[in-house]
Amino acid sequence: MELNNIYQKLYRPWQHVWHSLPTPVRYFLHTRYRKILRNRLIVVFWPTFRCNYDCSYCPVHTKFDFATVFPKACEKTWQQWVEALAKLPPAAIYFAGGEPFLYAGLPDLLNHLPAKHRLLGIVTNLSMPTRVFKKIKRSTHLNASFHREHVSEEAFVAKVKELQESFHVEVNIVATPENLPVIVSVEELLKSKQVTLHVDPYVDPGFRYSSEQLKLLQKHTQSDRKADALVEFNDFSLKSCSVGRNYINLMPNGDVFTCASGYSYAYSPLFAHVVEGQRTDHYRMRNLFDPNFSLNRTDVLCTLPCQAYCDRDSVLIRSIQPAQEKSLSVA
């Protein structure tokens, strides 16, 4: 308890300073921190892939349901997770989904997270009752995903304002063709309520923005979120990547993948044409509950496209020149 109190006293002021910075400044720093904290471990933790929304554009629940690969029956208890996470070196942990709050033990897990770890944030559609969120007794950031197919602007913004009393909340919206025409009005509404909007391009192997849509989107995305950089799925060059060493993705049953791209390529039929003839075994690591689990000691060599923004945000990627390829073998 004493260690946790010290942790909170140190983390709370830093969290306030960080989220007080202008959004462009935070994204500028965020994309460059790996040059300084080269070995700091980041964990994207998926406690459940279950979701109570069926968004038409969702690649992990609607277009392909990862809960069929990792069903509720395989999910661990929060007590098991606390014990397993203690095995990792100090890490910044981000909770994703599915809808993470459908995992009933999430507040208890967050409250008992080993003190050496930092709670980076939680992505959520905010659909759970406010009392569920308020079970969390530690400071954190909520990345509130606004899904217009399921909730009105008025109801969503009201929930954001209510939760801002206890958490730092930032809104995220995916720039689907349906959302693009209303992003300006949504941004203005949120700005009037002192809420920050973050726009992510829509990434899907079967979708391409038109030139007009790209021009519109570029007005709302940061330099590290340029849509034409990741949606082509045509970068099969050899790359050296620090995934598995300073960044991992943790599945509901404890399986560990080097990256979000990796588990998508391993399981999702949406990417079957991308991985055809390519190896995907280098993305799989041991299960965290395996006594012999360990992080990678060296970088991975990979030829598949990086299709997830969280991957690119969290790793060091180095292009391998053709002259170097002869002395290397792809993992």
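The values are calculated or read from the model by the stated rules, or taken from the named source; none is laboratory data. A quick note: this is a predicted structure, and the numbers were derived from the prediction, not measured. Heads up, the Cβs are rebuilt from the backbone with ideal geometry, glycines too, and the neighbour counts pull from every protein chain shown. Protein only, heavy atoms only, side chains kept; ligands, DNA and RNA dropped before computing areas. Shrake-Rupley method; radii C 1.70, N 1.55, O 1.52, S 1.80 Å.
With the simple spin-label model, which puts each label point 7 Å out from Cα in the Cβ direction, the Ala104 to Asn39 separation comes to 4.2 nm. Compared with the direct C-alpha span, the chain from Lys116 to Asp204 gains 28.1 nm at full extension, assuming 0.36 nm per residue.
Loop-only check: which chymotrypsin sites (Phe, Trp or Tyr not before Pro) in region 154-228 are DSSP coil with at most 15 other Cβ within 10 angstrom? Answer by residue number: Phe207. Computed over protein heavy atoms with a 1.4 Å probe, the carbon and sulfur contribution to the accessible area of region 231-289 reaches 47%. In this label model, Ser319 and Gln218 are separated by 2.0 nm, measuring between points 7 Å along each Cα→Cβ vector.
Report the FRET efficiency, 1/(1 + (r/R0)^6), for Ser166 and Lys193, where r is their Cβ-Cβ distance and R0 is 25 Å, rounded to 0.05. According to the calculation, E is roughly 0.95. At a probe radius of 1.4 angstrom, the accessible area of region 246-298 per residue rounds to 43 square angstrom.
The distance between label points at Ser237 and Thr303 comes to 1.5 nm (points 7 Å beyond Cα on the Cα→Cβ vector). Of the solvent-accessible surface of region 35-192, computed with a 1.4 Å probe and all protein chains present, 55% belongs to carbon and sulfur.
For region 46-138, the solvent-accessible area of protein heavy atoms averages 39 Å² per residue (probe radius 1.4 Å; ligands and nucleic acids excluded).
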